[in-house]
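Worksheet: one structure, shown below.
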Amino acid sequence: MIVRRGRSEDLPWLVEHDDASEHWVGRCIQYGEYFVAEQDGEILGFLRFSRFWGKIPYMDMIRVPPSRQRTGVGTALFHAWEKAMIDDGAQHLMTSSEWAEAEPQAWHRRNGFKAAGSIDLRIVQPSPEIFFIKHISGESEE
Ligand SMILES: CC(C)(COP(=O)(O)OP(=O)(O)OC[C@H]1O[C@@H](n2cnc3c(N)ncnc32)[C@H](O)[C@@H]1OP(=O)(O)O)[C@@H](O)C(=O)NCCC(=O)NCCS
């Protein structure tokens, strides 16, 4: 398995497996905001990110299709993104997930994220959105 940035030829697969519009998927590919895991020419999962305040890397979405889950794909995607962000000089990573979804939260915590607060998003979903931060600068902030 290799992890690489998303490319234009990945667009159909990403449009099928991500929740974003085709326009947004194309835009994110163009700006290098996708990582995909690939094996024997087949895509196994993706990570899409943006930047909070235009600065702090923010993992908008990581998804591995059910048939491929729990085989190390998500971890490989996350590690590749984290390394790329460290190489880019980032000191923190951010992500979020819905309070009612225990599994994604457990996975974020497993990857070193800590909950940093929540916002009421009842206009679009039933439970609050919890934000997570991971410090990657190498300095302890406990
Ligand atoms: C969450 C997700 C990305 C994890 O990817 P994955 O490829 O299945 O995970 P991995 O195989 O790399 O798992 C690595 C470890 O995390 C554990 N793990 C996997 N999914 C987990 C989950 N949902 N909760 C807690 N632990 C989990 C695995 O058991 C494994 O532990 P081990 O090494 O001790 O056996 C994937 O399950 C997924 O796409 N889920 C649906 C979408 C989603 O919830 N995305 C996250 C919010 S945006």
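The values are calculated or read from the model by the stated rules, or taken from the named source; none is laboratory data. Worth saying up front: this structure is predicted, and the values here are computed from it rather than measured. Ideal geometry is used to build each Cβ from the backbone, glycine not excepted, and the neighbour counts take in all protein chains shown.
Applying the criterion of being basic (Lys, Arg) and part of a strand (DSSP E or B) to the residues of the range 25-78, the residue that is farthest from residue 101 (Cα to Cα) is 51.
Of all the criteria given as (1) away from the ligand (no atom under 14 Å from the Cβ); (2) under 16 Å from residue 136 (Cβ atoms); (3) not in a strand (DSSP E or B), the one not satisfied by residue 81 is (1).
Considering every residue within the range 71-83, establish whether at least one is within 18 Å of residue 131 (Cβ to Cβ), out of contact with any helix residue (DSSP H, G or I) (no Cβ under 8 Å at 6 or more places or on another chain) and buried (at least 20 other Cβ atoms within 10 Å of the Cβ). Yes, the range 71-83 contains a residue that is within 18 Å of residue 131 (Cβ to Cβ), out of contact with any helix residue (DSSP H, G or I) (no Cβ under 8 Å at 6 or more places or on another chain) and buried (at least 20 other Cβ atoms within 10 Å of the Cβ). In the range 83-100, the residues that are more than 16 Å from residue 54 (Cα to Cα) reach residues that are part of a strand (DSSP E or B) with C-beta atoms within less than 7 angstrom, at least six apart or across chains, in these pairs: 96/129; 96/130; 96/131; 96/132; 97/130; 98/129; 99/118; 99/130.
For residues that are surrounded by 13 or more Cβ atoms within 10 Å (Cβ to Cβ) and of a type in the set (D, E, K, R), scanning just the range 126-142, find the one that is modelled with the lowest pLDDT. I'd like the intermediate steps shown before the answer.
As a first pass, look at the range 126-142 and keep what is surrounded by 13 or more Cβ atoms within 10 Å (Cβ to Cβ): 127-136.
Adding the requirement that they be of a type in the set (D, E, K, R) leaves 129, 134.
Numbers: 129: 95, 134: 98.
Step by step, filter the range 126-142, then rank; the result is 129.
Would you confirm, using the coordinates I've provided, whether residue 50 is over 12 Å from the mean Cα position of the chain (by Cα) and on the phi < 0 side of the Ramachandran plot? Step through it out loud before you land on a result.
Numbers: over 12 Å from the mean Cα position of the chain (by Cα): no; on the phi < 0 side of the Ramachandran plot: yes.
Taking the combined requirement at face value, the residue does not satisfy it.
Scoring residue 68 on the criteria (1) within 11 Å of the ligand (Cβ to nearest atom); (2) within 25 Å of residue 124 (Cβ to Cβ) leaves a single failure, condition (2).
Quick check on the range 106-125. Is at least one of its residues among the acidic types (Asp, Glu) and within 13 Å of the ligand (Cβ to nearest atom)? No: zero hits.
Figure legend. Inter-residue proximity from the range 130-142: first residues within 11 Å of residue 93 (Cα to Cα), second residues at pLDDT below 70 and surrounded by fewer than 16 Cβ atoms within 10 Å (Cβ to Cβ), beta-carbon distance below 8 Å, spacing 6+ or different chains. Indicated pairs: 135/141.
Pairs are defined by a Cβ separation below 8 Å, a sequence spacing of at least 6 or placement on different chains, a first member in the range 53-68 that is closer than 15 Å to residue 91 by Cβ, and a second member that is more than 7 Å from the ligand (Cβ to nearest atom) and assigned to a helix (DSSP H, G or I); the pairs so defined are 57/81; 57/85.
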